[in-house]
1. Sort 246-252, 78-84 by packing, meaning the average of other beta carbons within 10 Å per residue, with the highest value first.
2. Could you please report the charge total around residue 62, scoring K, R as +1 and D, E as -1 over all other residues with beta-carbon less than 10 angstrom from its beta-carbon?
3. Tell me, what HN-Hα J-couplings in whole Hz come from the Karplus equation 6.51 cos²θ - 1.76 cosθ + 1.60 at θ = phi - 60° for each residue of segment 127-136, using x for Gly and Pro?
4. Expressed as a fraction of 2.2 N^0.38 Å, the rule-of-thumb size for a compact globular protein of N residues, what is the C-alpha radius of gyration of segment 1-134?
5. Ranked highest first by average number of other Cβ atoms within 10 Å, how do 47-54, 113-120, 213-220, 10-17 line up?
6. Any idea what the dipole of segment 12-69 comes to, in debye rounded to 20, about its Cα centre with Lys/Arg Cβ at +1 and Asp/Glu Cβ at -1?
7. Taking only DSSP H segments of four or more residues, each worth -39500 (n - 2.57), what value at 222 nm results for the chain once the sum is divided by all its residues, to the nearest 500 deg cm²/dmol?
8. According to a simple spin-label model (label point 7 Å from Cα along Cα-to-Cβ), what is the distance in nm between residue 90 and residue 172?
Amino acid sequence: MAPASTIEGLDPRFFRPCIFAMLRELDYGTRATVNNGVSSGPHATPMLVSMSAWDAADGRHIGTTEAFDRLEPGEIRKFDADGPLGTLPDVPAGDVLAVVHVVPEAMAGRPAVDAGIAAMQAHVLASDDFIEYYQRPKGVVTGVAYQTGPLNDTRLSSTRSTVCQAPKVIVSDPVDTLFLLMNVSTSFGYADPVRMDYWILGADGSRVARSHVEVPPFTFRLVSATEALEHAGKLEEYRAGGGLGMFLGLSRNGTLVPISLTRNKVTGAIACDHTLPPKFYLSTWGGEPRHAANARLEAEFFADVPAPQPAGAAAP
């Protein structure tokens, strides 16, 4: 059977999403730089920009803005996320999960479209949005560029899992490393929590601390390496060994967006990074090799963890 060339019944707001967390409880503001990266060719088109927001505590949909910008092919724009967020009613005081919708103008406002996969891929691969955090009032600024195309939709991928390998667990006094894990999909009706099991490894590869985290739909969770080590009774030992190591995580019932945040709790200085999916450094990743690699990782590190129930398909 030939692979599908279109995704039928896609909500066009998830044609080219930009997904990020607003870390308001840590007192950071958020600026997003989004672009219409396809400047020429058959997929070049003006794009309209709007934004949806969810309460990160419980996944409540706060609302979706009207289109607040229009990008011509090749145009790029930077805005403070508090601007569009402020147009929505009943915004919580705490953390917010946001999705900026970058939608082809011809699709905007329609409840569902049959979207060409080639066009979606062209726009996602050319996107590289930049999410910038700035601390109030100290003026610390940092950011990270990444792509987050449509996720957790069985029409796009039959395998929904995440491997997170991050050799950047830095823990000292007063530095902590936080792992930001976001759970989103292509439907506002998505209702699947995703579980990630993880180990913190020492610089020599030794297994130091183990735990897991559940991320409800349309929320994010921050995993503190300091807290995980402290809970395992290994914090002082880890610090004495240099305070450097690796985060190794596996989710088997859904895809999460992982970002690492190394933060000085006194000065507010923060460094952000992402972990590239394995396909970026393993050319054969996908299909059976992906299943085999996940199975080996599971057997080696998480063999005693009961397999989570498969997440349901995102409703079209």
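The values are calculated or read from the model by the stated rules, or taken from the named source; none is laboratory data. Because the structure is predicted, anything quoted here is derived from the model rather than measured. Methodologically, a virtual Cβ is constructed for each residue, glycine included, from the backbone with ideal geometry; neighbour enumeration extends over all protein chains shown. These area figures cover heavy atoms from the full protein model, side chains too; ligands, DNA and RNA do not enter into them. Shrake-Rupley method; radii C 1.70, N 1.55, O 1.52, S 1.80 Å.
1. On the way: 246-252: 22.6, 78-84: 16.0.
In descending order of packing, they fall as 246-252, 78-84.
2. On the way: positive: 60; negative: 55, 90.
Charge balance in the 10 Å sphere: -1.
3. Result, ordered by residue: 7, 6, 6, 10, 9, 10, 10, 10, 8, 10 Hz.
4. Values: Rg = 15.3 Å, N = 134, 2.2 N^0.38 = 14.1 Å.
For segment 1-134, the normalised Cα radius of gyration is 1.08.
5. Details: 47-54: 23.0, 113-120: 16.5, 213-220: 20.8, 10-17: 24.6.
Ranking, from highest mean packing down: 10-17, 47-54, 213-220, 113-120.
6. Values: 5 positive and 6 negative charges, 44 e Å.
That gives segment 12-69 a dipole magnitude of about 220 debye.
7. Details: 5 runs with 41 residues, N = 316.
The helix contribution divided over the chain gives -3500 deg cm²/dmol.
8. 4.6
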